[in-house]
Amino acid sequence: MPLKNKPIKNQKGGAPTNVERFLGLTVGTLSRSILWSLTQRVERHKVFAGAYPVIAWLMLISDSTQGELSRMIGVEQPTMANTLRRLERDGLIERSPDPNHGRRSRVKLTARGKAISQVMGSSARDLEKVASRGITAAEMNEFFRMAELMIENLARERRDRKS
């Protein structure tokens, strides 16, 4: 539900004051700003933007399948297949047969992918410091709590609409 007539701090390039606010617009703008900042920090490694969430998830969970990554990141399987092909071509991931399922493969970072993931992790922490200036640790924890809840709510809606 949009919030009407809430004053929004007007900064250079920011939103005008006293306008209706929409969650998707705000989060989308934040996402694009984060993506731009992260790209600036890792551009010398020639990693394409679509790789960021895959590398980030593989940093956290070690290995996964295409389907699992697709669900966690919230993209369609064909999009994930293309992203994984590019990452494999660039030497950032490798695939191996899934011992529990003959038609599936497991995906994990290569040594080069792990090295880039370290750069990305450091860059992400640096950019989080910049983005969260003026925000307390408690407020950041609350932000993550609310964002995770909204992600789950929308994932549930997506699952319900598919069934």
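Students often get this wrong, so try it: which of [x] 17.1; [y] 16.6; [z] 18.1 is Kirkwood radius over Cα pairs in Å as calculated from the structure shown?
Entry [z].
May I have the extent of the alpha carbons of the range 30-84 along their three principal axes, as whole Å values ordered from largest to smallest?
Taking max minus min along each principal axis of the Cα atoms, the range 30-84 gives 29, 21, 19 Å.
Per DSSP H run of at least 4 residues, take -39500 (n - 2.57); add these up for the chain, divide by its residues and hand me the 222 nm value, nearest 500 deg cm²/dmol.
Numbers: 6 runs with 99 residues, N = 163.
The per-residue figure over the chain is -20500 deg cm²/dmol.
Give the calculated FRET efficiency between Met140 and Phe48 to the nearest 0.05, with a Förster radius of 41 Å applied to their Cβ-Cβ distance. Don't skip to the answer; put the middle values down first.
Working: r = 28 Å, r/R0 = 0.69.
Efficiency for this residue pair is about 0.90.
Ignoring ligands, DNA and RNA, what percent of the 1.4 Å accessible area of the chain is carbon and sulfur?
Percent of accessible area from carbon and sulfur atoms in the chain: 56.
To the nearest 10 Å², what's Met72's accessible area with a 1.4 Å probe?
Its accessible surface works out to 70 Å², give or take rounding.
What is the calculated FRET efficiency for Ser132 to Arg21, with r their C-beta to C-beta distance and R₀ = 25 Å, to the nearest 0.05? Please report the intermediate quantities before stating the final value.
Values: r = 20 Å, r/R0 = 0.79.
For R0 = 25 Å, the calculated efficiency reads 0.80.
For the range 25-158, what is the accessible area per residue in Å² when the probe is 1.4 Å? Intermediate values should be presented prior to the final figure.
Working: 8800 Å² over 134 residues.
With the other protein chains kept in place, the range 25-158 gives 66 Å² per residue.
What dipole magnitude, in Debye to the nearest 20, does the chain give about its Cα centre under +1 on Lys/Arg Cβ and -1 on Asp/Glu Cβ? Kindly include the intermediate steps, with their values, before the conclusion.
Numbers: 29 positive and 17 negative charges, 62 e Å.
Charge dipole, the chain, about its Cα centre: 300 debye, nearest 20.
The values are calculated or read from the model by the stated rules, or taken from the named source; none is laboratory data. Everything numeric in this text was worked out from a predicted model, so none of it was measured. Neighbour counts are summed over all protein chains in view; Cβ atoms, including those assigned to glycine, are modelled from backbone coordinates with ideal geometry. All accessible areas refer to the heavy atoms of the entire protein, side chains included, with ligands and DNA or RNA removed. Shrake-Rupley method; radii C 1.70, N 1.55, O 1.52, S 1.80 Å.
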